[in-house]
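Comments concern the structure below.
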Ligand code: NAP
């Protein structure tokens, strides 16, 4: 609902009206990732219980090399999600000086272990390890991150397979909020292998008209202004300005940028005094790639944090269950048999 100030208001009521108008102008529907995570978790929990009753307990093996604090935190939350859903999980933690050969042997063992449905190699790996070789050694049938070239190839040719978790999560957000994709002008900002490219392909296969932008794109704001669906994944805090967004557009903000500079926080959060207060207390704040004031121009918007973030782990769990179903329930070991 949007208001336009009109002449019949008295001065006092006009200022009150102004305050209300600001409230009503903040009309973007918030696309709550935590709510969708909870919905999907409830669905997965039921499926896992059913499969376990049939003697097939889906399981995820995580490989965490060394002692990178952020990686430890990510892996811990992935294992916790497995436990919450009743999935089996295993943690392998080779030391930081591990060799490529050791990693390849470990991945081969996990490929051959029938109880393991998904293999997660937490990145980054230490510099002496050939990350590409290790990731490509993961069986495509257990590639729950969706990074394997076979998984990417399946996606390009629109055949069923395991899809990278973050873009798959963005699609769940759009679909579960009934945002029309077919025929929509969709702009994907960013072209990385793990977010931008698979995101663009998923939107294309859902019949959107897709434009992919990157750091060399010209007239970016003009392109963004035409988007009915905008997915921003560039890693630049508050880059997309509110007035670049088409009124009513659905905006999926993938960016997670930790802002520590007070001037930048003030610039981005001028209209969010409570968040600024938290920044002052904590010394940092998480900001997406879209300026927070876009809440006044977008029709629907994922918050940061609490939008796309929770969906990445959710889709990892979903991919693990999917991989288990098709490899073990259908008796096939082909990525092509994994339903998307
Ligand atoms: P990335 O590999 O660094 O790729 C960034 C992409 O953005 C590149 O394609 C780059 O273009 C483009 N880009 C950079 N600056 C730009 C600019 N000024 N204008 C237009 N395009 C620009 O990043 P990523 O891994 O895709 O991640 C993107 C963001 O999403 C990061 O903030 C990351 O933290 C976040 N993320 C969040 C989750 C989650 O779970 N919420 C998961 C993954 C990533 P070029 O190709 O031309 O260099």
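At 7 Å along the Cα-to-beta-carbon direction for both residue 76 and residue 91, put a label point, then send me their distance in nm to one decimal.
Those two pseudo-labels are separated by 0.8 nm.
To the nearest 10 degrees, how steeply does helix 69-85 sit against the main Cα axis of the chain, on a 0 to 90 scale?
80 degrees
Suppose a student asked you for the relative contact order of the chain, using Cα pairs under 8 Å spaced at least 6 residues apart; what percent would you report?
Values: 644 pairs, mean separation 71.7, N = 340.
Worked out over the chain, it gives 21 percent.
Against the longest principal axis of the chain, how steep is helix 309-324, in degrees 0 to 90 to the nearest 10, with axes from Cα atoms?
30 degrees
Could you tell me the center-to-center distance, by alpha carbons, between segment 97-125 and segment 256-296 in angstrom?
Value for the Cα centre distance between the two parts: 39 Å.
Give me the one-decimal nm value for the distance between modelled label points at residue 271 and residue 214, 7 Å along each residue's Cα-to-Cβ direction.
3.3 nm
How do 120, 104 rank when sorted from fewest to most other Cβ atoms within 10 Å of their own Cβ?
Ordered from fewest to most neighbouring Cβ atoms within 10 Å, 120, 104 come out as 104, 120.
Please state the shape class of segment 44-126: rounded when a/c is under 1.5, otherwise prolate if a/b exceeds b/c and oblate if not, all from the C-alpha gyration tensor.
Numbers: a/c = 3.88, a/b = 1.62, b/c = 2.40.
Judged from the Cα gyration tensor, segment 44-126 comes out oblate (a/c at least 1.5, b/c at or above a/b).
Gain in length, residue 128 to residue 108, computed as 0.36 nm per residue apart minus the alpha-carbon separation, to one decimal in nm?
Working: separation 20, 0.36 × 20 = 7.20 nm, distance 1.92 nm.
Gain in length upon complete extension: 5.3 nm.
Does a label point 7 Å from the Cα of residue 100, set along Cα-to-beta-carbon, have any residues of segment 64-81 with amide nitrogen under 20 Å, and which are they?
Answer for segment 64-81: 64-66.
Taking the beta-carbon count within 10 Å as an exposure proxy, list 286, 329, 162 from fewest neighbours to most. Mind dumping the intermediate values first?
Values: 286 16, 329 13, 162 30.
Ascending Cβ contact count within 10 Å gives the list 329, 286, 162.
Just want to confirm a number: the relative contact order over segment 163-311, from Cα pairs under 8 angstrom separated by 6+ residues, in percent. Write down the numbers at each step before the final one.
Values: 303 pairs, mean separation 35.6, N = 149.
It rounds to 24 percent for segment 163-311.
Considering only DSSP beta bridges with both partners in segment 220-321, what is the antiparallel share in %, to the nearest 5?
Values: 3 of 10 bridges.
If I count the DSSP bridges inside segment 220-321, around 30 percent turn out antiparallel.
Most fluctuating residue of 259, 210, 308 in a GNM of the chain with Cα springs under 10 Å: which is it?
259
Give or take rounding to whole Å, what are the principal axis extents of the alpha carbon atoms in segment 196-323, in descending order?
44, 39, 27
Rank the residues 282, 78, 142 as a footprinting-exposure proxy: fewest other Cβ atoms within 10 Å of their Cβ go first.
Working: 282 9, 78 21, 142 27.
If I rank by nearby Cβ atoms, fewest first, I get 282, 78, 142.
As I understand it, the value is the acute angle between the Cα axis of helix 273-282 and the longest principal axis of the Cα atoms of the chain; what does it come to in degrees, rounded to 10?
50 degrees
Readers should treat all values here as calculations from the given coordinates under stated rules, not as data from a laboratory. Please read all numbers here as calculations on a predicted model, not as lab measurements. Quick reminder, even Gly has a Cβ in these numbers, built from the backbone with ideal geometry, and neighbours come from all protein chains shown.
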